[in-house]
Ligand code: UDP
């Protein structure tokens, strides 16, 4: 199949770990590669966010990234992109009219890509598959007035959910939310994200440890909802342990985290190491005794899976995708969100027991390898594409 992946703000060529670059960038890059492995011809359309970007870039065999001119050619926060989605969609449609390359199916990532995808694909009879990655209703519920999404987001997401041929939910929690939004259950496919099992392995170099402190590692974009502040507040309950946080630290959030650490008198045990290149991530995971993934809410959450694939036990909050990936008391411990005390106790108990950590590690590795390969994810996504294409053909021939 010719497959168009639309990822308006999250380029598969960008390095994850910045405020607006994270799991979606990793997801789109890996999904494109895995679909190409299955023999498909992939084009990834992302917004041109710099003047020097070539129009088309060959990412690997079978995957071309196309930079779409929509809005100024400069980096913009994703919450400022809505006004350019009309142009994005029209450009795609024109392109497919003129080009010899027209997609058999369009797969949109994030709600704004869904708008562009429907604008281009609907009039041309091309089926659209939608992955939201995050939902406005959930964000609003947790962030309230701090949510900077455009006010139209929730309404648009409902419309996209109803108009798309298939909607991919990445976890059971998201599927429930989609049904509540009015997406017909029969059009939802539950397909979890994958993890790069060639890169994230238990064997290989580990970042050296300077002292003797047990290490808790946490990885992610340094935004409030990722729960790094609660992790720091949990440290007083975990004597001795050091906490290493990976993710771009150039924001006000880094300053806030440092002051939380000072207020808890644990600043000497907290290290913000900044953005880590994808290739160096496995060595950081391997260096940790336990990996903490403690967001307030989480649409999917790649970092616990990466930790599991490196054979590391995970302490995670019992939210969103983490309820599916982390099996409580088997591959890790689940704790309530925004509860530093319970989190601290779970970390301390795990760090004290070599047996428990060993048990969790091997179960975690086994679970990541058997259930979360990109090949498995791509095969299930491919099935969703075929259903979407098949339903259109049936509708035309009926
Ligand atoms: N990441 C990275 N370097 C960093 C911080 C994060 O490569 O300094 C990667 C991390 O390994 C993971 C992704 O960014 O692949 C974050 O994905 P996740 O689903 O955990 O969070 P999201 O960004 O989607 O909220």
Fill in: Packing-based order for 54-67, 34-47, using average beta carbon neighbours within 10 Å, highest first
34-47, 54-67
Fill in: Burial ranking of peptide ranges 252-260, 225-233 (average Cβ count within 10 Å, highest at the top)
225-233, 252-260
Practice prompt. Could you please state, rounded to a whole Å, how far the C-alpha centre of the range 272-306 is from the C-alpha centre of the range 174-226?
Written response: 8 Å
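Taking the Cβ-Cβ separation of residue 327 and residue 76 as r and a Förster radius of 41 Å, what is the calculated FRET efficiency to the nearest 0.05?
Details: r = 40 Å, r/R0 = 0.97.
Approximately 0.55, to the nearest 0.05.
Taking 0.36 nm per intervening residue step and subtracting the Cα-Cα distance, what contour gain separates residue 60 from residue 258 on full extension? Mind dumping the intermediate values first?
On the way: separation 198, 0.36 × 198 = 71.28 nm, distance 4.04 nm.
67.2 nm is the gain from fully extending residue 60 to residue 258.
Beyond 15 Å, how much of the Cα-Cα pair distribution for the range 1-69 remains, as a whole percent? Intermediate results must be reported in sequence, preceding the final value.
Numbers: 1112 of 2346 pairs.
Of all Cα-Cα pairs in the range 1-69, 47 percent lie more than 15 Å apart.
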Practice prompt. Assuming R0 = 30 Å, can you tell me the calculated FRET efficiency for the pair residue 224 and residue 102, based on Cβ-Cβ distance, to the nearest 0.05?
Written response: 0.10
Response to the item:
Against the 2.2 N^0.38 Å rule of thumb, the C-alpha Rg of the range 1-117 sits at a ratio of 0.97
Response to the item:
Taking Cα atoms only, Rg over Rh for the chain with Rh from the Kirkwood formula is 0.98
Discussion item. Once you place label points 7 Å from the Cα toward the Cβ at residue 176 and residue 354, how far apart are they in nm?
Written reply: 4.0 nm
Worksheet entry | Antiparallel bridge percentage (DSSP; both residues within the chain; nearest 5) | 10 percent
Worksheet item: Just how far, in whole angstrom, is the range 18-37 from the range 365-379 if you go by their alpha carbon centroids?
Response: 15 Å
Worksheet item: Hull surface divided by four, with the convex hull built on the Cα atoms of the range 162-257: how many nm²?
Response: 10.2 nm²
Response to the item:
Length gained, residue 379-residue 190, 0.36 nm per residue minus C-alpha separation, equals 66.8 nm
Worksheet item: When ranked by the protection proxy of mean other Cβ atoms within 10 Å per residue, highest first, what sequence do the peptides 317-329, 150-162 form?
Response: 317-329, 150-162
Worksheet entry | Globularity index of the range 268-398, i.e. its alpha-carbon radius of gyration over 2.2 N^0.38 Å | 1.31
Practice prompt. Indicate, rounded to the nearest 5 percent, the antiparallel portion of the DSSP beta bridges found entirely in the range 33-139.
Written response: 30 percent
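Throughout, read-outs are computed from the coordinates displayed, never taken from laboratory work. Since we're looking at a predicted model, the values are computed, not measured. So basically every Cβ, Gly included, is an ideal-geometry build from the backbone, and we count neighbours across all protein chains shown.
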